[in-house]
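Have a look at the structure below, then the notes.
The values are calculated or read from the model by the stated rules, or taken from the named source; none is laboratory data. Keep in mind that this is a model prediction, so the values were computed, not measured. In this analysis, Cβ positions are derived from the backbone assuming ideal geometry, glycine residues included, and neighbour counts consider all displayed protein chains. Note: accessible area is taken over every heavy atom of the protein model, side chains too, but ligands, DNA and RNA are not part of it. Shrake-Rupley method; radii C 1.70, N 1.55, O 1.52, S 1.80 Å.
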Amino acid sequence: MNTRTVAALAGAIAFAFAAAVSAQPIVIKFSHVVAEATPKGQGALKFKEVAEKLLPGKVQVQVFPSSQLFGDAKELEALLLGDVQFIAPSLSKFDRYTKKLQVFDLPFLFDDIEAVDRFQHSAQGKALLDSMTGKGLKGLGYWHNGLKELSTNKDQLKRPDDVKGLKFRIQPSDVLEAQFRALGANPQKMAFSEVYQALQTGVVDGQENTWSNIYSQKFHEVQKTIAVTNHGVIDYMIVTNVGWWNKLPADVKKGLQQAMDEATKYANQLAVDLNEKDRKRIADAGKAKIQELSKDDVAAWRKTMEPVWKKFEADIGKDLIQAALKSNK
Ligand code: LMR
């Protein structure tokens with residue numbers, strides 16, 4: 001073989017190799033901390049289904065539920081290191097990356113999940129998706145879970161005084177910490193995967209969460225009372241790594257964003273229904289008592305927690321709080 005033939009052959013091999021490599025699907029790991037039978041668990045599976053349908057052979061989405069791949073403590077770091085490509089932390093878990101998202105943690109800010117939805121779709125809400133790009137995080141959308149209820153290992157849970165001195169597990173959010181301090185309780189930041197055991201062993205007395213999280217984690221089996229406080233919200237931002245995202249081919253980016261939009265619609269429609277069903281399942285299980293609250297009770301909780309707003313107003317921004325308030329009808 002002369003040198004020309006060798007060079008041509010080498011070129012052909014290199015080309016074939018490059019083609020084979022480029023034919024490999026892009027593997028997208030999507031890690032989250034909740035069970036599959038929750039709005040986020042279902043949303044992640046829907047995203048996989050639609051993304052693989054829209055981009056056949058181009059992407060492969062691997063979903064890891066229940067902190068199997070990364071838990072709360074590690075998932076954001078892992079995303080920035082490129083060990084996972086999609087995560088969907090609750091909005092309370094971005095404290096270290098932006099103070100703006102703390103708006104979602106202000107107690108009794110939103111009347112219902114429809115108000116949360118309107119705010120997320122407003123210009124200010126959408127702008128928050130890009131509020132962490134400087135830190136390497138790009139928000140692709142919001143998913144609902146729902147409003148939070150309060151639970152404890154006590155029989156009496158009706159008025160703010162009933163939680164004085166009790167220990168509560170909270171998500172890693174300074175607003176939530178201040179909220180429980182305003183109640184005279186002792187908050188403890190803790191990863192979601194550790195909550196069941198902490199409740200069971202009495203490391204903490206109570207926690208706050210949605211019906212779907214309470215039911216799927218069996219918190220109702222280790223709590224005595226769940227008060228229907230609806231005092232805050234647990235929703236999610238689906239985030240990816242800016243650098244990784246920007247390097248994707250345009251058609252892949254487009255397909256993934258479309259899959260995200262479809263999964264968002266699906267998860268959000270499911271959220272209300274799933275939480276209602278899980279509330280009923282908890283009632284039927286007959287383990288924890290569900291404590292309804294009167295208007296007067298709710299007003300007392302609101303009054304005790306609301307001073308938290310002032311404390312975080314400067315960090316969050318008055319305008320953003322006003323915009324969120326405007327989404328209540
Ligand atoms: C929690 O930590 O209680 C929740 O944020 C878990 C989740 O992702 O819904």
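For segment 213-224, the tally of residues that are touching a residue at least 24 places away in the same chain (Cβ under 8 Å) and more than 10 Å from the ligand (Cβ to nearest atom) stands at 6. The requirement of being within 19 Å of Leu55 (Cα to Cα) and either within 12 Å of the ligand (Cβ to nearest atom) or buried (at least 24 other Cβ atoms within 10 Å of the Cβ) (or both) is not satisfied by Leu248.
Scan segment 303-314 and report the pairs whose first residue is more than 19 Å from Asp95 (Cα to Cα) and whose second residue is not in a helix (DSSP H, G or I), with Cβ atoms within less than 6 Å and a gap of 6+ or a chain change. Matching pairs, first to second residue: Thr304/Leu183; Met305/Pro107.
Residues considered: Phe119, Phe47, Phe104, Phe70. Of these, the only one that is out of contact with any Cys (no Cβ under 6 Å at 6 or more places or on another chain) and in a loop (DSSP other than H, G, I, E, B) is Phe70.
The set of residues in segment 175-206 that are assigned to a helix (DSSP H, G or I) and among the basic types (Lys, Arg) contains only Arg181. Annotation note: of Thr133, Thr210, Thr201, the sole residue that is at pLDDT 95 or above, within 15 Å of the ligand (Cβ to nearest atom) and β-branched (Val, Ile, Thr) is Thr210. Screening Asn230 against (1) touching a residue at least 24 places away in the same chain (Cβ under 8 Å); (2) within 12 Å of the ligand (Cβ to nearest atom) leaves a single unmet condition, (2).
What residue, of Ala263, Ala259, is at pLDDT 95 or above, open to solvent by less than 10 Å² (accessible area, probe 1.4 Å), within 16 Å of the ligand (Cβ to nearest atom) and assigned to a helix (DSSP H, G or I)? Walk me through how you get there before you give the answer.
Numbers: Ala259 fails: within 16 Å of the ligand (Cβ to nearest atom).
Exactly one residue qualifies, and that residue is Ala263.
Quick one: would you say Lys58 is modelled with pLDDT of 95 or more and open to solvent by 50 Å² or more (accessible area, probe 1.4 Å)? Criteria met by Lys58.
Picking from residues in segment 27-44 that are over 17 Å from Ser216 (Cα atoms) and surrounded by 17 or more Cβ atoms within 10 Å (Cβ to Cβ), the one that is farthest from the ligand (Cβ to nearest atom) is Ile28. Within segment 214-243, the residues that satisfy the criterion of being open to solvent by less than 60 Å² (accessible area, probe 1.4 Å) and part of a helix (DSSP H, G or I) are Ile214, Ser216, Phe219, His220, Val242, Gly243. Residue by residue through segment 164-177, note down the ones that are within 20 Å of the chain's Cα centre (by Cα) and not basic (Lys, Arg). Result: Phe168, Ile170, Gln171, Pro172, Ser173, Asp174, Val175, Leu176, Glu177.
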